[in-house]
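Worksheet: one structure, shown below.
The values are calculated or read from the model by the stated rules, or taken from the named source; none is laboratory data. Quick caveat: nothing in here was measured; it's all calculated off a predicted structure. All Cβ positions, glycine included, derive from the backbone under ideal geometry; neighbour counts span all protein chains shown. For accessibility, only protein heavy atoms count, side chains too; no ligands or nucleic acids. Shrake-Rupley method; radii C 1.70, N 1.55, O 1.52, S 1.80 Å.
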Amino acid sequence: MALLSVSEAMARILATARLTPIETVALANSWGRILAKPIVARRDQPPFVASAMDGYAVQHEDLAQLPARLQVVGVSAAGRGFKGTLKAGNAIRILTGAPLPRGADTVVIQENTEVENDIVVVLESPSQGRNIRAQGLDFERGAELVYPATRLGARDIGLAASANAALIRVRKKPLVAVFSTGDELVMPGSPPQADQITSSNGPALCAFVRSCGAEVLDLGIIRDDLRATMAAIKKAKRADILITTGGASVGDHDYVQEALKKSGVKIYFWKIAMRPGKPFMFGTQARLRVLGLPGNPVAALVCAQLFLKPLIEKMLGLELPVQPLLARLTLDLPANDQRQDYLRASLHHAADGARSVTPFPKQDSSMQRVMRDAGCLVIRPPFAPEVKAGDLVEILLFPEGA
Ligand code: AMP
Ligand code: MG
């Protein structure tokens, strides 16, 4: 099979994406979820004409001559509005957020008054209608306030709450099964033998999946064994996506591809013209999408960022194009071969906002410390010519939470 380009691989994966079903969640649990149906205002906000200040509700006509002496005949407080009607020559003590009493048309702020027993002396007159919020000033009943495909944040939730929307229709989180293959792997925390290492892919990918807004089905470590791998694939069939790591090449102990095929998964491709991450497999079986990621931890995470994240997002109704940024190189880079390269690099922001990047000298795809210390990935397209210090190159930032 010929090596597939990154963009072709991405297009083929995304073409298989299906929206997840819609579910209802309580507003309090909706943070970070992707809205599936618009949030519609159930009432006007404010629902009544309200005072914007602490002061006195009056009839503006009564302020023709200053100072004006008005009889205070009641109080309108937030949550306890004045029930009667304001008559000429009278005033109602009013507080911020309280309904404007019938008959009143203006609020005088208390700073411009003096009080003598039950008389308020108005010293300065505002224009008619001042210090009042019209009914529906913020929004009116029936208005669409938050649109589908919004990732709900604090401001969306505040707005929904003020519209009295307590139940929110969101996309169900895709369930992503994760297992790591390798006889050399033990879980972090358990004592490895001399020839073993701790599995970092499982924990890293489970975290990555959550950061994309999906749910994890953690299937742990699977031995390099056909039956064990097939058993794990079977457990993953209730998921929407399965991601595996390791065993994806054609080494003596690489069983993932064979196990997938024997489990009925149709393999679309298993090699990509990229570095890190050449052995990357994609297949489907009914509603399950399978991403066979490389074992090397850096390659696994780069592939997850490039392919898994957009797949999850599309299933959630989001279409966020991957937008590379530009940055200035601080050193020369040689011409590239046929594989699209993603170089781990440190990223520097100058005071004027200009970005510069310095690829790390060591780019081995097993080096997680370099990956962690990187501020971005420098993209080197296939057959890109040599570039010099000072040239602009495209970079990819790591997603939030990655
Ligand atoms: P493989 O694709 O299985 O040949 O693995 C490639 C390299 O990645 C090997 O050096 C493995 O030891 C390493 N590797 C595979 N899986 C993991 C994992 N879960 N955590 C850390 N390293 C891994
Ligand atoms: Mg292996």
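Out of the total accessible area of the chain (probe 1.4 Å, heavy atoms of protein only), what percent is carbon and sulfur?
C and S fraction of accessible area: 51 percent.
Just from the alpha-carbon atoms, what are the Rg and Dmax of region 71-190 in angstroms?
So, for region 71-190, Rg and Dmax equal 26.9, 90 Å respectively.
Once phi is turned into θ = phi - 60°, what whole-Hz ³J(HN,Hα) does the Karplus curve with 6.51, -1.76 and 1.60 give for every residue of region 366-371, x standing for Gly and Pro?
9, 8, 7, 5, 4, 4
Could you tell me how far the Cα centroid of region 237-316 sits from the Cα centroid of region 1-68, in Å?
Region 1-68 and region 237-316 have Cα centres separated by 36 Å.
For Ala26 and Ala149, what does the FRET efficiency come to when R0 = 22 Å and r is the distance between their Cβ atoms, rounded to the nearest 0.05?
Details: r = 20 Å, r/R0 = 0.93.
Efficiency computed from Cβ-Cβ geometry: 0.60.
With a cut-off of 8 Å between alpha carbons and a minimum separation of six or more residues, what is the relative contact order of the chain in percent?
Relative contact order here is 16 percent.
Determine ³J(HN,Hα), in whole Hz, for all residues of region 290-304 in sequence, where each value follows from phi through the Karplus function 6.51 cos²θ - 1.76 cosθ + 1.60 and θ = phi - 60°; x replaces Gly and Pro.
10, 10, x, 8, x, x, 4, x, 5, 5, 4, 6, 5, 5, 4
For the chain, modelled as a Gaussian network with Cα springs under 10 Å, which listed residue fluctuates most, Leu242, Leu333, Leu219?
Looking only at Leu242, Leu333, Leu219, the biggest GNM fluctuation is shown by Leu333.
Skipping prolines and chain starts, which residues have an amide H placed within reach, meaning under 5 Å, of the one on Ser346, given they are 5 or more residues away or on another chain?
Here Thr358, Phe360, Gly375 satisfy the definition.
Can you list the GluC sites (Glu not before Pro) in region 95-164 that are in a DSSP coil and have 14 or fewer other beta carbons within 10 angstrom?
Values: sites: Glu111, Glu114, Glu116, Glu124, Glu140, Glu144; in loops: Glu124, Glu140.
Loop-located and lightly packed - Glu124, Glu140.
Expressed as a whole percent, how much of the Cα-Cα distance distribution for the chain exceeds 29 Å?
Tail of the P(r) past 29 Å holds 60 percent of the pairs.
Would you look at the GNM of the chain, springs on alpha carbons closer than 10 Å, and say which of Gly246, Gly189, Gly142 moves the most?
Gly189
List the residues, sorted by chain then number, that are 5 or more residues from Ala91 or on another chain and whose placed amide H is less than 5 Å from its amide H.
Gln71, Val72, Val73
Kirkwood Rh and Cα-based Rg: tell me the resulting Rg over Rh for region 249-402, rounded to two decimals.
Radius of gyration relative to Kirkwood radius: 1.01.
For region 167-226, with every protein chain kept in place, what is the accessible area per residue (1.4 Å probe, Å²)?
Solvent-accessible surface per residue comes out at 45 Å².
With an 8 Å cut-off on Cα pairs and a minimum separation of 6 or more residues, tell me the relative contact order of region 292-402 in percent.
Over region 292-402, the number comes to 34 percent.
Grab the DSSP H runs of the chain that are 4 residues or longer, score each as -39,500 (n - 2.57), total them, divide by all residues and round the 222 nm result to the nearest 500 deg cm²/dmol.
-4500 deg cm²/dmol
Can you tell me, using C-alpha contacts under 8 Å and at least 6 residues apart, the relative contact order of region 50-133 as a whole percent?
With pairs under 8 Å counted, the relative contact order is 41 percent.
Two decimals, Cα atoms only, Kirkwood Rh: what is Rg/Rh over region 228-297?
Looking at region 228-297, the ratio lands at 0.94.
Calculate one ³J(HN,Hα) per residue across region 32-49 by plugging θ = phi - 60° into the Karplus curve 6.51 cos²θ - 1.76 cosθ + 1.60, and present them in order as whole Hz with x for glycine and proline.
Calculated HN-Hα couplings, in order: x, 7, 9, 5, 9, 10, x, 8, 10, 5, 8, 7, 5, 9, x, x, 8, 5 Hz.
Take peptides 182-188, 294-300 and line them up by average Cβ neighbours within 10 Å, highest first, as a rough protection proxy.
Packing proxy ranking, top to bottom: 294-300, 182-188.
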